[in-house]
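Each remark here refers to the structure printed beneath this line.
The values are calculated or read from the model by the stated rules, or taken from the named source; none is laboratory data. Computed from a predicted model, the values in this text were never measured in an experiment. Cβ placement follows ideal geometry from the backbone for every residue including glycine, while neighbour counts extend to all protein chains displayed. Quick note on the areas: whole protein, heavy atoms, side chains included, nothing else; ligands and nucleic acids left out. Shrake-Rupley method; radii C 1.70, N 1.55, O 1.52, S 1.80 Å.
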Amino acid sequence: MISDFEILEFLRGSDTYVSGEDLSRHLKISRSAVWKHIQELRQSGYEISAVPHLGYRLDALTDKLFPQEITSSLNTKFVGRKIHYYESVSSTMDIATKLAVEGEEEGAIVCAESQSRGRGRIGRQWFSPKAKGIYISLILRPNLPPSEAAKLTILSAVSCCKAINEETGVSAGIKWPNDLLVRGRKAGGILTELNAETDRVRFVVIGIGINVNNARSGIPDYATSLRQERGESVCRVSLLRAILRRIEADYIHLLKYGASSIINEWRGLSLTLHSRVKVVCYNREVVGEAQDIDSDGGLLIRKDSGLVEKVFAGDVVKAG
Ligand code: BTN
């Protein structure tokens, strides 16, 4: 039994029409089976023209996040080499965590076109409409103590920002700890979930959600999408590839040389530093000037009393 993918590869390899006869001969299936696969590919979003006496031609790829689209020309060593793809899930975090517990390898990702119970930080909901955004969870198994796992959140935010900037031309920045903002509105976020023993990380699941092709009417006022900011739609497949490449390169660098260069990049992309902020933490609020980020990801706030306090979690709002 051949798959739609084999037909696709054939069409991809040709810049002109491929006859039904050639396809049928090479793949050893009937002409009507070829037609059936072509119909299925069209339903998946591939644009394929069919001309009598000439055959089939691939006119446009799908924008679905099919594993074969992502991995073709991905060129990473391990990040995104294995993709668990779903049309719809409750949350990619739950699936990735289950896979990681069962021993799934480092670098594997869970990717979905939509989520019914996408979640954000602090128990919030992550709105995940179908085929509009990027919703992935990445499994990493770093050799780090749990106290250093927050570095991976910083790394992911930096890698995503760089990938967005390079791939779309939209200038994204980071609001501490891990909001991706464009012109003051939220375009994406990172959620890191940790599974650890006292002194050893078993695995980390990094959840990345980005509003890519959402229309203005489909998102709340405090949020935005890359399409909205760019004025034209963004190829999700190319953007996801760029994100995976960036994360792998930055992760390998971090494990080898430490986090200082990533933290420096974070400083350069930060929208929080050197402004007066209020950080709303779980049971208190800290007000002052956001001075710096510490090597463990904590935000250092100089309070009006002159004392510097470090916060690890919370929501930053600009203080008057
Ligand atoms: C935040 O800004 O609060 C983080 C949002 C993270 C959302 C992503 S979408 C993919 C993954 N699956 C989830 O349920 N959440 C993360």
Somewhere in the range 53-69, is a residue at negative phi, out of contact with any helix residue (DSSP H, G or I) (no Cβ under 6 Å at 6 or more places or on another chain) and without any contact (Cβ under 8 Å) to a residue 12 or more places away in the chain?
no
For ASN165, indicate whether it is more than 9 Å from the ligand (Cβ to nearest atom) and over 29 Å from SER233 (Cβ atoms).
no
Quick one: which of GLU197, GLU166, GLU232, GLU148 is open to solvent by 50 Å² or more (accessible area, probe 1.4 Å) and either touching a Gly at 6+ places or on another chain (Cβ under 7 Å) or within 26 Å of ASP315 (Cβ to Cβ) (or both)?
GLU148
Could you list, in sequence order, all residues of the range 210-229 that are open to solvent by 10 Å² or more (accessible area, probe 1.4 Å) and outside any helix (DSSP H, G or I)?
ASN211, ASN213, ALA215, ILE219, PRO220, ASP221, TYR222
Unique match (being among the basic types (Lys, Arg) and modelled with pLDDT of 95 or more) among ARG200, ARG284, ARG227
ARG227
Which residue pairs have Cβ atoms closer than 6 Å, lie 6 or more positions apart in sequence or on different chains, and pair a first residue in the range 203-217 that is under 18 Å from SER114 (Cβ atoms) and at pLDDT 95 or above with a second residue that is assigned to a helix (DSSP H, G or I) and open to solvent by 10 Å² or more (accessible area, probe 1.4 Å)?
ASN213/ARG227
Checking SER137, SER147, SER156 in turn, the sole residue that is within 14 Å of the ligand (Cβ to nearest atom), touching a residue at least 40 places away in the same chain (Cβ under 8 Å) and within 23 Å of SER261 (Cα to Cα) turns out to be SER156
Filter result (within 17 Å of SER72 (Cα to Cα) and either open to solvent by 80 Å² or more (accessible area, probe 1.4 Å) or touching a Pro at 6+ places or on another chain (Cβ under 8 Å) (or both)) within the range 16-52
none
Kindly provide the set of residues from the range 91-124 that are open to solvent by 30 Å² or more (accessible area, probe 1.4 Å), at pLDDT 95 or above and either at positive phi or within 12 Å of the ligand (Cβ to nearest atom) (or both), ordered by number.
ASP94, ILE95, THR97, GLY103, SER116, ARG117, ARG119
